[in-house]
Amino acid sequence: MAKFHFLVVCSLFAVLFQSSIGLAADPCDQSPCLNRGTCTSGTNSTSYQCICLDGYNGTNCEVDPCVAAPCLNGGTCHIKTSGDLGPICHCKRNFLGKNCEKDAYACRSLPCMNGGECRNRPATGSYMCRCLPGSSGEQCENNVDDCASSPCQNGATCTDLVGGFVCTCPKGIVGQLCEMDFSSEIEVSCDATEMTITLVRSLLVDGDNASSIHLNEDTCTGVFQDDYKIMLSTPYGECGTTVEEAGDTIIFSNTIIYTKNLITTQYLLQLPVQCILGKKEIVDGSSGYGITRQNATAIKGYAQFELMLERYNNETFDALPSSGNVRIRDELFYAVSLESSASLTVLLDECWATPSPDANDTLRYNLLVDGCPVDNSLNIFTNLGPLKQGFSFQAFAFVGAYPQVHVHCAVTMCVTNGSGCQQGCTASPLRLRRSLRDAESLMTNTISSEPITLN
């Protein structure tokens, strides 16, 4: 018993001794750091710092790493209960890595650029890009400028592509590098209803047939005209021909296309061609005939529409009169007809009468101006279809010794269903017709026939 009391007394004495000399207990003695964190004492008797294992947080390492959701791509986080503490990720199928950050099928994110081919590396969760010629880099992100060497000739414009380039040739220049000048050897001829293209046979690569050349529709192929030339022809409404209005003109456009064979996507020739026809013309007469005038040039062709102004027996507009003799106040029926295979409409702009065949005779009587009737007896028939417009008026005579009356009309052609393409009483600037007359390549046709004779 004496020994026991001695130990207690000694312990109490030690505590009293430490207190008396100013020594305090170490806060780390209480093991405040959880999850195997390391405790470091501070500068005073109550401060300390916990150094946590990887992934743990908090003052005492009490926040486990799963709270931060370290597992990616749908992986599940678990805490180890034995061995080294810390998180462990259970990854979904096809994902790997400490945090499930690696994809065994990494190519699913499409990392390769500029058409590069991606290959998976499942063992490492990575990928490899196989780049097309003309590109480089880990992801094929670097594109080589194929236009740097100026491969396009004859003033052509070079456009850089991935692994190649394309040359945009000036008109009349053809070839992949725009190396061939055929501007003087391609002729476009136009008439009222169709376009015809003639080009030199030497354009063909040896062994190719004329059918290797076609228009927008590949069924519209060329034929050998003779030993030296190839010909393509199409009505304006066929073979992919497009139609548009441009100022005073209507433009019919198509493209000559030539590929060496069926397995290449490179054109040896891709050349636009156009036929340009004036929208406004003057027609004269009662049973007139049509005259076309063409001025064919390379690449573009110019022509005029074939129009007729005829007098008919009655409002059915299906039979011509047998005689040109009429009496004053007889109702006269006229119609302007347009011969065309395209989607066009003919409109009456102005109609007038003169005592002579000259449409510009200073003595004239207006029947229709800017699509509006001027003569009180004039009627317009709009039910004859887009290519025919009819009108009627009562016969009259000019004062003086003028036994005959000549009828003239200025008409406008437009694209059917286009803006403003309908017969009506609307203003139509005369300057359009004047500028048309002044254009050398768009000369106005005057169609003459037998006049009416007043009894």
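What is the sum of charges around Gly390, taking Lys and Arg as +1, Asp and Glu as -1, for the other residues whose C-beta is under 13 Å from the C-beta of Gly390?
On the way: positive: Arg311, Lys388; negative: Glu310, Glu315, Asp318, Glu331.
Charge balance in the 13 Å sphere: -2.
Given an 8 Å cut-off on Cα distances and at least 6 residues of separation, report the relative contact order of segment 64-103 as a percent. Don't skip to the end; give the middle numbers.
Working: 69 pairs, mean separation 14.9, N = 40.
Contact order relative to length: 37 percent.
Could you rank the peptides 190-200, 94-104 by their average count of other C-beta atoms within 10 Å per residue, with the highest value first? Show your work: numbers first, answer last.
Values: 190-200: 21.0, 94-104: 17.8.
My ranking of the peptides, most packed first, is 190-200, 94-104.
Can you work out the Karplus-derived ³J(HN,Hα) for every residue in segment 325-332? Use 6.51 cos²θ - 1.76 cosθ + 1.60 with θ = phi - 60°, whole Hz, and x for glycine or proline.
Those phi angles translate into 7, 9, 10, 4, 6, 4, 7, 9 Hz.
Counting Lys and Arg as +1 and Asp and Glu as -1, what is the net charge of the other residues whose Cβ lies under 13 Å from the Cβ of Glu194? Show your work: numbers first, answer last.
On the way: positive: none; negative: Asp191, Glu238, Glu306, Glu339.
Overall, the nearby charge balance is -4.
Would you mind checking which residues have amide H under 5 Å from Val374's amide H? H placed 1.01 Å from N; only 5 or more apart, or other chain.
Distant-sequence amide H within range of Val374: Leu368, Val369.
Report the local net charge at Cys50: Lys and Arg +1, Asp and Glu -1, summed over other residues whose C-beta lies under 11 Å from its C-beta.
Values: positive: Arg36; negative: Glu62.
Computed value for this residue: 0.
Please turn the phi angles of segment 342-357 into ³J(HN,Hα) values with the Karplus equation 6.51 cos²θ - 1.76 cosθ + 1.60 (θ = phi - 60°), one per residue in order, whole Hz, x for glycine and proline.
After applying 6.51 cos²θ - 1.76 cosθ + 1.60, I find 9, 7, 10, 10, 9, 10, 7, 9, 9, 9, 8, 10, 9, x, 10, x Hz.
What are the residues whose amide H is under 5 Å from the amide H of Val273, where those residues sit 5 or more places off or on another chain and H is modelled from the backbone?
Result for Val273 returns Asn254, Thr255, Ile256.
Quick query: amide H of Leu161 versus all other amide H atoms, modeled in the peptide plane; which residues come in under 5 Å with a sequence gap of 5 or more or a different chain?
So Leu161 has HN proximity to Asp146, Val166.
Every number in this text was worked out from the coordinates using simple rules, so none of it is lab data. Since this is a predicted model, take the numbers as computed values, not measurements. Glycine also receives a Cβ, built like all others from the backbone with ideal geometry; neighbour counts cover every protein chain displayed.
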